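This report refers to the structure that appears directly beneath it.
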Amino acid sequence: MSTPRIAFLGTGLMGGPMVTNLLKAGFPVVAWNRTLAKAEALRPAGATIAPGAASAAEGADVVITMLESGPIVETLLFDTHVVVTLKPGALVIDMSSAEPQRARAHAERLGALGMGYLDAPVSGGTPGAKAGTLAIMAGGSEPDFERAKPIFAAMGRATRVGPAGSGQLAKLCNQIIVSVTMAAVAEALLLASAGGADPSAVRQALTGGFADSKILQIHGGHMLERSFIPGGPAWTLRKDGRTILAAARELGITLPMTERAAGLFEQLCAHGGEKYDSAAVLLELERLSGKRLGTKPDRLPS
């Protein structure tokens, strides 16, 4: 089987390093980004740069989208002539974070045109994208997943979690755990500080126990350093929180912990922190309590 030609649409903080890893694995990639300079930065690594999304997708075997939201993906695929440029049998892989019902609708529309579809959002942030260790949650048919396996292997570890829409549902589950844990770590460090313990030592003491997590290790460190330069900006958890709660209402379930965490990220963004790292949820808890973690100055995005 010949190596598939990939069109990659969206080469921002996550998409850029994902393209780099695809190129390292030997895949020919045509890259496009709305801000062309971000795509041009991939030319030295071997990417071909397209001036438009439709021209990037023309003749591609596989189209990967890594964009800001579901509505943007939908507009790009169906309203800017991307889909009509694809050859019969092409596979579309949406690795953005979107609504499960939108993913199901995209699968139906593309299937009617004789094309494959996977919704395959990721977790692992920019470090995982750079290292090629992303957790990839894929929804779609088994044949389409098997077809995509070598491509996914260049970017991380992929698991098929069910039919179309299931990948996005799994990503929402991921974001529940991320947002609630992020808030919990901030609360724990603030409690330690307010009570007179050394919060840095408390974090170290918790490492290796049941409370340990990557969020405690990585974002807990950001909180202690008061470094809120974004890896994953707060607006993404605000967006995902809204999507999670909408899905919960549709399914008739109540998610009280998620509701509270989502509210904190809504407030953080309302107070001007939407471009801060998600660890800046600490700032919202400090506003509520009137206490501050440490004495270091805040490092904020310019």
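The values are calculated or read from the model by the stated rules, or taken from the named source; none is laboratory data. Just so we're clear, the structure is a prediction, and the values are computed from it rather than from any experiment. Cβ coordinates were reconstructed from backbone atoms using ideal geometry, including for glycine residues, and neighbour counts include every protein chain displayed.
For the range 282-302, filtering for residues that are aliphatic (A, V, I, L, M) and either at pLDDT below 95 or within 18 Å of the chain's Cα centre (by Cα) (or both) leaves 0. Looking at the range 246-255, can you tell me whether even one residue there is surrounded by 19 or more Cβ atoms within 10 Å (Cβ to Cβ) and of a type in the set (Ser, Thr, Tyr)? Checking the range 246-255: not a single residue is surrounded by 19 or more Cβ atoms within 10 Å (Cβ to Cβ) and of a type in the set (Ser, Thr, Tyr). Selection of the range 70-97 for residues being out of contact with any strand residue (DSSP E or B) (no Cβ under 7 Å at 6 or more places or on another chain), crowded, with 17+ Cβ neighbours inside 10 Å and outside any helix (DSSP H, G or I) yields only Ser97.
Select, from Ala135, Ala170, Ala205, Ala201, the only residue that is buried (at least 18 other Cβ atoms within 10 Å of the Cβ), among the small types (Gly, Ala, Ser) and at pLDDT 95 or above. Steps first, please.
Details: Ala135 fails: buried (at least 18 other Cβ atoms within 10 Å of the Cβ); Ala205 fails: buried (at least 18 other Cβ atoms within 10 Å of the Cβ); Ala201 fails: buried (at least 18 other Cβ atoms within 10 Å of the Cβ).
That would be Ala170, the only listed residue that is buried (at least 18 other Cβ atoms within 10 Å of the Cβ), among the small types (Gly, Ala, Ser) and at pLDDT 95 or above.
Look at (1) surrounded by 13 or more Cβ atoms within 10 Å (Cβ to Cβ); (2) in the same structural domain as Val178 (by TED's automatic domain parsing) and you find that Gly294 fails only one, number (2). Within the range 153-164, the set of residues being outside any strand (DSSP E or B) and crowded, with 21+ Cβ neighbours inside 10 Å comprises Met155, Ala164.
Please verify whether the range 268-279 includes one or more residues that are assigned to a helix (DSSP H, G or I) and either within 17 Å of Lys296 (Cβ to Cβ) or assigned by TED's automatic domain parsing to the domain that holds Val122 (or both). Write out each step before concluding.
Let us first name the residues in the range 268-279 that are assigned to a helix (DSSP H, G or I), namely 268-273, 278-279.
Of the ones still in play, those that are also either within 17 Å of Lys296 (Cβ to Cβ) or assigned by TED's automatic domain parsing to the domain that holds Val122 (or both) are 279.
Yes: one or more hits.
Quick check on my filter: what residues within the range 98-130 are assigned to a helix (DSSP H, G or I) and hydroxyl-bearing (Ser, Thr, Tyr)?
Taking the range 98-130 as the starting set, the residues that turn out to be assigned to a helix (DSSP H, G or I) are 100-112, 125-130.
Listed by number, the list holds a single entry, Thr126.
Taking the stated definitions as given, is Pro51 farther than 19 Å from Ile151 by Cβ, without any contact (Cβ under 8 Å) to a residue 24 or more places away in the chain and either assigned to a loop (DSSP other than H, G, I, E, B) or outside the structural domain of Asp144 (by TED's automatic domain parsing) (or both)? Against the criterion (farther than 19 Å from Ile151 by Cβ, without any contact (Cβ under 8 Å) to a residue 24 or more places away in the chain and either assigned to a loop (DSSP other than H, G, I, E, B) or outside the structural domain of Asp144 (by TED's automatic domain parsing) (or both)), Pro51 qualifies. When the range 14-63 is filtered for residues that are out of contact with any Lys or Arg (no Cβ under 7 Å at 6 or more places or on another chain), surrounded by fewer than 17 Cβ atoms within 10 Å (Cβ to Cβ) and not charged (D, E, K, R), the ones remaining, listed by number, are Ala25, Gly26, Thr35, Leu36, Ala37, Pro44, Ala45, Gly46, Thr48, Pro51, Gly52, Ser55.
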